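> Pasting a structure below so you can have a look.
The values are calculated or read from the model by the stated rules, or taken from the named source; none is laboratory data. All values derive from a computational prediction rather than experimental measurement. Methodologically, a virtual Cβ is constructed for each residue, glycine included, from the backbone with ideal geometry; neighbour enumeration extends over all protein chains shown. The protein model used for the area step is the full one, side chains on, heavy atoms only, and it has no ligands, DNA or RNA in it. Shrake-Rupley method; radii C 1.70, N 1.55, O 1.52, S 1.80 Å.
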Amino acid sequence: MITKDSIENLKSHLDVVDVISQFIELKKTGANFKACCPFHGEDTPSFVVSPAKQIYHCFGCGVGGDSIKFVMEFDKLSYPESLEKLAGMYNVPLEHDNNFKKQDTSLITKVNQHYQKLLSHNKEASEYLVSRGISNASIEKFEIGYASESNDTIGFLKTNFLNLADAKEFGIIDSGENGLYSRFIKRITFPIYTITGNIVGFGGRTITGHNAKYINSPQTKLFNKSRLLYGYHLAKDSIYKQKSVIVTEGYLDVVMLHQAGFTNSVATLGTALTAEHLPLLKRGEPKIILAYDGDKAGLNAAYKASVLLSHSDFLGGVVIFKDGYDPADMIVHEKIDELNEMLLSPTPFIPYVIDFIIRKYNIEDPQQKQQALKESNDYLTTLAPILQEEYASLISRKLNLNSNLVQVKHFNTQKATNVNLSSLDIAELNIIRTLYEDNTLLDMLKENIAKDMFQTHNLELDMLLHQENIEQLVWLSLHDQLKTYSKDELERQLVLLSIPYYNKQLQQITHDRDTDFRKKTQIIRGLKEKLKELKSGKLVNIEN
Ligand SMILES: [Zn+2]
């Protein structure tokens, strides 16, 4: 963990205009700076940077925050990663808590270099790669190597005085009955990197027909198979630029896809796609193309991944390679146009799942048809209401059933949280802006404001009152159509919102048949007193 003090120290060295200028060109307009927003396509600048407030905000797409947030968004980094980056850019040292020991990856880097050297001297391994159609440029780009006999790796570690305990920790070697042995023996090696470019493990493919075709480094502190994606560090620029990522099942698929120009390709590390992969896949908000084999395992994996992705609102779909062809084979056989065509028109996740479920059954048989309906209904009800409506008809069509047999669960549709710039309720937003900018006013008036006094922007008010996600309110301070009220004006506006609020309560209690008479008269008296106060221009406390 990076210490709080050193984060504060770093922040004191940062100027938002200077930081953002390192990434995009800013033009001064009045007290602020403007640019075309780097996060959404636009021709007229709506991206504003305020040196006085040390924040940025885009009026087009709603992004905003401080210097650190900008680097996180622009470079798709996590919070600590962007701190590290800024610390490097401005040459400010960061301190880490004692319990955090930054892992030294130099050992595994040296082993990787050794494997790469071995590949160039090994005829069998090189021939295997040539036979799979892999170019020398790809071998270099992906740092593909070759792990020889066990003794060779152990010998390399020893002659270079590398720490054997660390090598064990990294999963390069292990100890057995006969002493130390290398985990990768006579295998093509594919180094696996984290998003920040640290090598943390290897994947290895046998060239001797070993019955484990592929093995991976064991799970270590650094190497989490269900979180990493092979090739991500090389693909990330393309992923963010193209807003699309191709997820495959194999290392060779990734290498070959990159070689054929699909540089936004990655692979899971011999595991299924899991929820742990989702944060990485969310970066840059790309649509996701699952490019899986057409065998039973591939179809199943695509089904499970599609359920997962459809529940997490990812866009994209599934491409299945038939006739035992994987993407790598298609490239070797120069079917690149056909491949491109397939990748451009995937089956969206939800129809894929529905189709997969229904195909399991023989729907000519009424009982199986009933099962198919039940299973697809179960899946349907896990989706958002609008999607349920949309896909209910697909299920009824596929099963050739009357559409009212397909259930759709109805939920209370929640009010959209996006601020629609055309329907801004200026008075409400001005109040929120004023209180957002002045904490003392907020403290003073907290007792006088109830969430439901606001018709349109009670969500923003709630964030302010509970001090939650408050950084999302920065745009209020930068919006041209809004203003900050004086204290008197603020109170006047709050009185104006309070009167209908208490009037409504009064109406409700008057028509309430459940409350007993004495209690009711008491409440009505209290509300009438409040309204009297308000009409004389004074704010009242919401609690009593
Ligand atoms: Zn924008």
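> Which of Leu473, Leu461, Leu490 sits closest to the plus end of the dipole of the range 443-507, meaning its Cα is farthest towards the positive end, when Lys and Arg get +1 and Asp and Glu get -1 on the C-beta?
Looking along the dipole axis, the top candidate is Leu490.
> A further question follows. Considering amide H positions built from the backbone, and no H for Pro or chain starts, which residues 5 or more places from Leu269, or on another chain, come under 5 Å of its amide H?
Correct list: Tyr230.
> Determine the dipole magnitude for the range 117-161: charges of +1 sit on the beta-carbon of Lys and Arg, -1 on that of Asp and Glu, nothing else is charged, the reference point is the Cα centre, and the result goes in debye to the nearest 20.
Roughly 80 debye for the range 117-161.
> With the dipole of the range 103-245 worked out from charges on the C-beta (+1 for Lys and Arg, -1 for Asp and Glu) around the Cα centre, which of Asn122, Ser135, Thr105 lies farthest toward the positive end?
Ser135
> Taking every DSSP beta bridge that has both residues in the chain, what percent is antiparallel when rounded to the nearest 5?
Details: 33 of 46 bridges.
If we restrict to bridges inside the chain, about 70 percent are antiparallel.
> With a probe of 1.4 Å, find how much accessible area the range 494-544 has per residue, and write the answer as a whole number in Å².
Working: 3850 Å² over 51 residues.
Result: 76 Å² per residue.
> Now for a different question. Determine the dipole magnitude for the chain: charges of +1 sit on the beta-carbon of Lys and Arg, -1 on that of Asp and Glu, nothing else is charged, the reference point is the Cα centre, and the result goes in debye to the nearest 20.
On the way: 61 positive and 68 negative charges, 174 e Å.
Computed charge dipole of the chain: roughly 840 debye.
> I'd like the distance between the alpha-carbon centres of the range 249-279 and the range 322-337, rounded to an integer number of Å.
16
> What's the long-distance tail for the chain, i.e. % of Cα pairs beyond 34 Å? Write down the numbers at each step before the final one.
Details: 85478 of 147696 pairs.
Cα-Cα pairs of the chain separated by over 34 Å account for 58 percent.
> Determine the dipole magnitude for the range 1-157: charges of +1 sit on the beta-carbon of Lys and Arg, -1 on that of Asp and Glu, nothing else is charged, the reference point is the Cα centre, and the result goes in debye to the nearest 20. Numbers along the way, then the final one.
Working: 16 positive and 21 negative charges, 48 e Å.
Dipole magnitude for the range 1-157 comes out near 240 debye.
> Sticking with this structure for a sec: Work out from phi, with θ = phi - 60° and the Karplus expression 6.51 cos²θ - 1.76 cosθ + 1.60, the ³J(HN,Hα) of each residue of the range 368-373, listed in order in whole Hz, and give x for Gly and Pro.
Result, ordered by residue: 5, 4, 4, 4, 4, 5 Hz.
> Next question, about the same structure. Please tell me which of these pairs span more than 24 angstrom C-alpha to C-alpha: Lys110/Lys243; Lys4/Lys28; Lys69/Lys243? Walk me through the numbers on the way to the answer.
Values: Lys110/Lys243 34 Å; Lys4/Lys28 33 Å; Lys69/Lys243 20 Å.
As for pairs spanning more than 24 Å Cα to Cα, those are Lys110/Lys243; Lys4/Lys28.
> Right, next: Towards the positive end of the charge dipole of the chain, with charges on Cβ (+1 Lys, Arg; -1 Asp, Glu), say which of Leu441, Ser21, Thr515 has the farthest Cα.
Most positive-ward Cα: Thr515.
> State, to one decimal in nm, how far the label point of Lys117 lies from the label point of Phe23, with both points 7 Å from Cα in the Cβ direction.
With each label placed 7 Å out from Cα toward Cβ, I get 4.0 nm.
> Still on this structure, I have one more. In whole angstrom, how far apart do the alpha carbon centroids of the range 106-142 and the range 479-544 sit?
First find each Cα centre; the distance between them is then 75 Å.
> Would you mind telling me the share, in percent, of accessible area of the chain contributed by carbon and sulfur at probe 1.4 angstrom?
Working: 14170 of 29110 Å².
In the chain, the share of accessible area belonging to carbon and sulfur is 49 percent.
> With the other protein chains left in place, how much accessible area per residue, in square angstrom, belongs to the range 168-229 at a 1.4 angstrom probe? Could the numbers behind the result be given before it?
Numbers: 2800 Å² over 62 residues.
Heavy-atom accessible area per residue stands at 45 Å².
> Below 8 Å between Cα atoms, with a sequence gap of 6+, how large is the relative contact order for the chain in percent? Kindly include the intermediate steps, with their values, before the conclusion.
Values: 750 pairs, mean separation 41.9, N = 544.
The value is 8 percent.
> List the residues, sorted by chain then number, that are 5 or more residues from Leu315 or on another chain and whose placed amide H is less than 5 Å from its amide H.
Ile288
> Same structure, new question: To check you understand DSSP bridge types, tell me what percent of the beta bridges within the range 263-381 (both residues inside) are antiparallel, rounded to 5.
Details: 2 of 8 bridges.
If I count the DSSP bridges inside the range 263-381, around 25 percent turn out antiparallel.
> How about the range 106-199: which chymotrypsin sites (Phe, Trp or Tyr not before Pro) there lie in a loop by DSSP and see at most 11 other Cβ atoms within 10 Å? All intermediate terms of the calculation are to be shown ahead of the outcome.
Values: sites: Tyr115, Tyr128, Phe142, Tyr146, Phe156, Phe161, Phe170, Tyr181, Phe184, Tyr193; in loops: Phe142, Phe161, Phe170, Phe184.
Those satisfying the criteria are Phe161.
> Between Asp365 and Ser403, what FRET efficiency comes out of the Förster formula 1/(1 + (r/R0)^6) with R0 = 22 Å and r the beta carbon distance, rounded to 0.05?
Numbers: r = 21 Å, r/R0 = 0.97.
Using R0 = 22 Å, I get an efficiency of 0.55.
> A follow-up question, please. Can you work out the Karplus-derived ³J(HN,Hα) for every residue in the range 165-177? Use 6.51 cos²θ - 1.76 cosθ + 1.60 with θ = phi - 60°, whole Hz, and x for glycine or proline.
Ordered by residue, 3J(HN,Hα) equals 5, 5, 4, 5, 4, 7, x, 7, 10, 8, 10, x, 4 Hz.
> Say R0 is 35 Å: what FRET efficiency, to the nearest 0.05, do Ile524 and Gln493 get from their beta-carbon distance? Please list the in-between numbers first.
Working: r = 26 Å, r/R0 = 0.76.
Calculated transfer efficiency: 0.85.
> Could you name the aspartates and glutamates in cross-link range of Lys535, using Cα to Cα under 16 Å and dropping any fewer than eight places away on the same chain?
Partners found: Asp488, Glu489, Glu491.
> Just the isolated ones, please: cysteines in the chain lacking another cysteine beta carbon under 4.7 angstrom.
Cys36, Cys61
> How much mean residue ellipticity at 222 nm does the chain get from its helices, if each DSSP H run of length 4 or more adds -39500 (n - 2.57) and you divide by all residues, to the nearest 500 deg cm²/dmol? Could the numbers behind the result be given before it?
Details: 24 runs with 255 residues, N = 544.
Using -39500 (n - 2.57) per qualifying helix, the result is -14000 deg cm²/dmol.
> Can you list residues whose amide H is under 5 Å from Ile55's amide H, if they're 5+ apart or on another chain and H is modeled 1.01 Å from N?
Ser50
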